[in-house]
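The values are calculated or read from the model by the stated rules, or taken from the named source; none is laboratory data. What you are looking at is a predicted structure, and each value in this text was computed from that prediction instead of being measured. Here the Cβ positions follow ideal geometry from the backbone for every residue, glycine too, while neighbour counts run over all protein chains shown. For accessibility, only protein heavy atoms count, side chains too; no ligands or nucleic acids. Shrake-Rupley method; radii C 1.70, N 1.55, O 1.52, S 1.80 Å.
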Amino acid sequence: MGVFAEQIIHAPLFATAQVRAGESRLKQNEVEWVSVMETPVENFIREKEFVLTTGIGIGEDADLLEKFVSDVIHSGASMLGIATGRHIFDIPDRVLQLAEDHGFIIVDLPWDIRFGDVISTVLDEINKSKQEERQVSEEIRLDFLNQVLQEGDLQEIAELLHRHTRMPAMITEFDGTMRAYYDVSDEVLTAVEAKQWTRPKAYEIEQHLGAAFSEHRLHPHIFVYDTAGERWCRVLIHTKHRKQGFVWFRLPDGKPMTWFTMNVLEHAVTACALFFIKEDAVEAREIKVKDSFILQLAKEEPDDFGVIRSKAELLGYDLDLPYVCIVGRIHLREDESEFPSFHKDNPPTSSLQNVNYYIQKEINSAARFIGRRAMATFDEDEVIVFLEAAYDVYTETANQFLDYIERRLSDMLTEIGLRWGISVKKEEANGFHLSYREAYTALEIGIRKAEETSRTFYKDTRINRVLLAMSANHDIQSLVHEIVKPLADYDEKRQTDLIHTFMTYNRYSGNVSQTARALHLHRQSLLYRLRNIESLTGLSLLEADDVFLLELTIRLWQLKDLQRPALGIQSDRSRGWT
């Protein structure tokens with residue numbers, strides 16, 4: 001788009017004018033402005049101007065005229081109109097030859113053609129061209145918009161960009177996944193997907209894009225890269241405070257950036273943004289339906305498993321595969337607090353929804369990595385995953401799966417941690433629900449034990465489950481309260497840790513030296529604590545039965561509040577542990 005010298009010369013006003021040099025450039029030289037200039041030229045002419053001169057001050061001095069024409073050529077002007085018949089009567093051959101050598105247009109304007117009329121005609125042509133360009137740009141905008149509204153895809157957007165600009169084009173997701181391309185070599189596709197590119201020097205980038213378009217709103221978002229021996233430009237696609245992907249394009253060799261190209265690119269980027277919004281909306285609806293189904297599968301007893309199976313097939317799930325249930329809980333690494341108390345996060349990770357998005361993405365990626373199917377959902381700060389895993393190797397499969405997720409999340413969400421409970425699915429019709437309950441119980445036991453490991457398998461919690469069963473007995477509740485509460489009250493009042501001291505002492509089979517080293521205590525300080533434990537509980541640490549009873553009651557005390565009412569277990573307030 002734009003006004004070229006040929007359009008101006010063919011205007012009726014120039015019927016008596018004569019092109020004296022550069023006639024072969026009439027279709028190539030673009031005109032963006034018109035001005036009147038007399039010697040000296042200096043820096044008063046900008047690129048792509050139609051310069052008019054009367055030759056006043058030059059007269060018949062061929063050397064002075066040649067110098068003037070040379071300065072106009074080197075200023076970047078598109079063409080020169082010389083009024084002949086008053087100051088200049090004939091244009092010397094050597095001046096015309098100079099213009100021909102530089103592909104520069106010189107027009108001989110009879111003196112009776114007024115410069116005011118020339119300026120008016122040129123500006124009319126420029127305005128007409130800009131109006132046509134705006135109209136074409138609007139038609140192109142609608143063309144891109146219709147592609148999105150009429151169920152078009154990113155491939156059609158890439159082809160449409162090429163059709164209007166003749167530029168090779170690619171569209172990628174933000175992580176580099178190729179979504180569409182047109183007129184692009186296999187070498188470039190491979191290099192871009194592998195992120196094999198380099199940034200040119202700053203002056204090369206400015207030269208490639210051109211400073212004339214720095215005020216265009218798209219310009220700050222264009223980055224230049226060299227990849228596979230070609231120079232490409234990349235524009236960010238941004239929606240809803242989220243970086244969705246990139247539009248890649250390559251300027252034709254020797255062809256500069258134009259305002260028309262910038263406008264078409266802007267329409268293409270907008271169309272891609274709308275497509276991603278539409279795609280996200282569809283995906284969000286699908287995720288919502290799937291989330292609801294998986295939550296129902298995990299937390300409710302099935303009335304009719306046949307109906308559940310049919311619904312699963314519609315959603316693309318196969319419930320006949322062997323599964324392991326993995327329940328995770330999100331926490332802040334620093335103080336092990338629950339997710340709702342997050343207050344130190346940066347905006348990108350400050351909402352539970354955004355954290356869930358990244359975790360869901362890594363769950364799907366991990367499942368693909370190990371070649372297993374997975375069904376996953378979230379319930380506030382709780383992650384529920386049913387992972388395909390053969391019964392004989394489900395421990396190894398679950399660990400491989402979680403290793404991948406935790407390795408990736410440790411780089412992306414450094415302040416976030418996850419604890420996991422794992423249980424294999426049973427064969428019963430309500431197997432999914434039972435495995436969820438078991439995985440949830442394992443998770444809670446793991447959190448209560450406060451060990452360094454972030455994973456607890458239900459099969460490894462047998463002793464804790466026995467303790468849970470015992471804790472339901474009223475007499476045992478009373479015994480636990482009688483023995484352990486004095487220790488807990490003492491610890492809270494004196495800011496000591498007698499309970500932890502005893503459990504460490506018992507772990508080292510009553511060896512005082514080893515216990516003191518483990519607790520970083522002086523031997524006499526440890527002995528003082530042990531005497532306090534005996535005094536507060538009325539038990540002797542030299543009697544095996546008393547040691548067993550103290551360990552048992554402490555373990556029961558530590559397991560209080562283990563299971564929530566949702567799992568059918570009474571809270572410790574109803575058990576009398578206050």
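Heavy atoms only, probe 1.4 angstrom, no DNA, RNA or ligands counted: give me PHE369, PHE386 ranked by accessible area, highest first. Provide the component values of the computation, followed by the final result.
Working: PHE369 125, PHE386 0 Å².
From most accessible down to least: PHE369, PHE386.
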| said: As a test question: what accessible area, to the nearest 10 Å², does LEU142 have when a 1.4 Å probe is rolled over all protein chains in place? | reply: 70 Å²
| Among bridges DSSP assigns within the chain, what percent are antiparallel (round to 5)? | 75 percent
| said: If DNA, RNA and ligands are ignored and the probe is 1.4 Å, what is the ranking of MET503, MET170 by accessible area, most exposed first? | reply: MET503, MET170
| said: Can you compute 3J(HN,Hα) from phi for each residue in segment 283-292, using the Karplus curve 6.51 cos²θ - 1.76 cosθ + 1.60 with θ = phi - 60°, rounded to whole Hz and x for Gly and Pro? | reply: 5, 5, 5, 5, 5, 4, 5, 5, 4, 4
| Value of Rg/Rh across segment 22-115 [Cα atoms, Kirkwood radius] | 0.92
| task | Scan segment 132-166 for GluC sites (Glu not before Pro) in coil per DSSP, keeping those whose Cβ has at most 14 other Cβ atoms within 10 Å, and list them by number. | result | GLU151
| said: Which one, ASN29, VAL264, GLY103, is farthest towards the positive end of the dipole of the chain when Lys and Arg carry +1 and Asp and Glu -1 on their Cβ? | reply: VAL264
| field | Solvent exposure of the chain as accessible area per residue, Å², 1.4 Å probe | value | 53 Å²
| Carbon plus sulfur fraction of accessible area for segment 425-498, probe 1.4 Å, in percent | 49 percent
| field | Nearest-10 value in Å² for the accessible area of SER24, using the 1.4 Å probe | value | 90 Å²
| Highest average packing first - 524-531, 300-307, 29-36, Cβ atoms within 10 Å | 29-36, 524-531, 300-307
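Please identify every one of the trypsin sites (Lys or Arg not before Pro) in segment 139-221 that sits in a loop by DSSP and has no more than 14 other beta carbons within 10 Å of its own beta carbon.
Values: sites: ARG141, ARG163, ARG166, ARG179, LYS195, LYS201, ARG217; in loops: ARG166, LYS195, LYS201, ARG217.
In loop regions of segment 139-221 (DSSP not H, G, I, E or B), the sparsely surrounded trypsin sites (Lys or Arg not before Pro) are ARG166, LYS195, LYS201, ARG217.
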| field | Of SER513, HIS500, ILE483, farthest towards positive along the dipole that unit charges on Lys, Arg, Asp, Glu beta carbons give segment 456-548 | value | SER513
| remark: SER75 neighbourhood, Cβ < 10 Å, K/R = +1, D/E = -1, net charge -3
| said: Can you tell me, using C-alpha contacts under 8 Å and at least 6 residues apart, the relative contact order of segment 428-505 as a whole percent? | reply: 16 percent
| query | Hey, what did the chain get for relative contact order, percent, Cα under 8 Å, at least 6 apart? | reply | 8 percent
| said: Only four residue types carry charge here, +1 at the Cβ of Lys and Arg and -1 at the Cβ of Asp and Glu. Report the dipole size of segment 428-531 about the Cα centre in Debye, rounded to the nearest 20. | reply: 420 debye
| task | State to the nearest 20 debye the size of the charge dipole of the chain about its Cα centre, where the only charges are +1 on K and R beta carbons and -1 on D and E beta carbons. | result | 2440 debye
| remark: Per DSSP, the loop-located GluC sites (Glu not before Pro) within segment 207-280 having at most 13 other beta carbons within 10 Å are GLU215
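Where the convex hull is taken over the Cα atoms of the chain, what is its projected area averaged over directions, in nm²?
40.0 nm²
Ranked by accessible surface with a 1.4 Å probe, highest first, in what order do SER120, SER509 come?
Result of the area sort, largest leading: SER509, SER120.
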